[in-house]
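Quick note: the coordinates plus some simple rules give every number you see, no bench work behind them. Small disclaimer: the values here were computed from a predicted structure and weren't measured. Every residue, glycine among them, receives a Cβ derived from its backbone with ideal geometry; neighbour counts consider all protein chains shown.
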Amino acid sequence: MTTTTVTEDQLLAAVLDICKYRRCLVHHCRPARTASGNWVTPIQGDAGFCDLVIAGDHGVLFRELKSQRGQPSPGQRGWLDTLVQAGADAAVWKPSDLASGLVLAEIDAISRGAA
């Protein structure tokens, strides 16, 4: 499987596994399908919040996950930019970031340690 064929859902599963192994807390809001077949994530407030909030003893990461060719929506970009401006560690992860070891390195930097 190449980074261009890894889906966002596959990337999410891999990141969740790493977080569990590294004993980080992780939050992800799953979208739900409506009766009409549309996908929605029920929230209150501003749309576009990051896919994941990952917390460890040494920090917090806000991460938006995208396929290799995917780009953040304007709402997602607004959240990411505002979080970074406020001093938070917020960014986008793509399959190439998993393959390069960046995802693991960033989770390790905040983690409680291996199980």
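Structural remarks
- Over all Cα atoms in segment 1-43, the spread is summed up by Rg and Dmax: 13.7, 39 Å.
- When shorter helices are ignored and each DSSP H run of at least 4 residues is given -39500 (n - 2.57), the per-residue value for the chain at 222 nm works out to -10500 deg cm²/dmol.
- FRET efficiency for residue 112 and residue 33, using Cβ-Cβ distance with R0 set to 30 Å, rounded to 0.05: 0.30
- Charging the Cβ of each Asp and Glu at -1 and of each Lys and Arg at +1, and nothing else, the dipole of segment 48-115 about its Cα centre rounds to 240 debye.
- Taking other residues whose beta carbon is less than 12 angstrom from the beta carbon of residue 53, and scoring Lys, Arg as +1 and Asp, Glu as -1, yields -2.
- Between residue 17 and residue 89, the modelled labels are 2.2 nm apart [label points 7 Å from Cα along Cα→Cβ].
- Computed about the Cα centre, the dipole magnitude for the chain is approximately 240 debye when only Lys and Arg (+1) and Asp and Glu (-1) carry charge, each at its Cβ.
- Normalised by residue number, the volume inside the convex hull of the Cα atoms of the chain is 121 Å³ per residue.
- Relative to its residue count, segment 45-94 spans a Cα convex hull of 76 Å³ per residue.
- Per-residue extension of 0.36 nm, minus the Cα-Cα distance of residue 44 and residue 25, leaves a gain of 4.6 nm for this segment.
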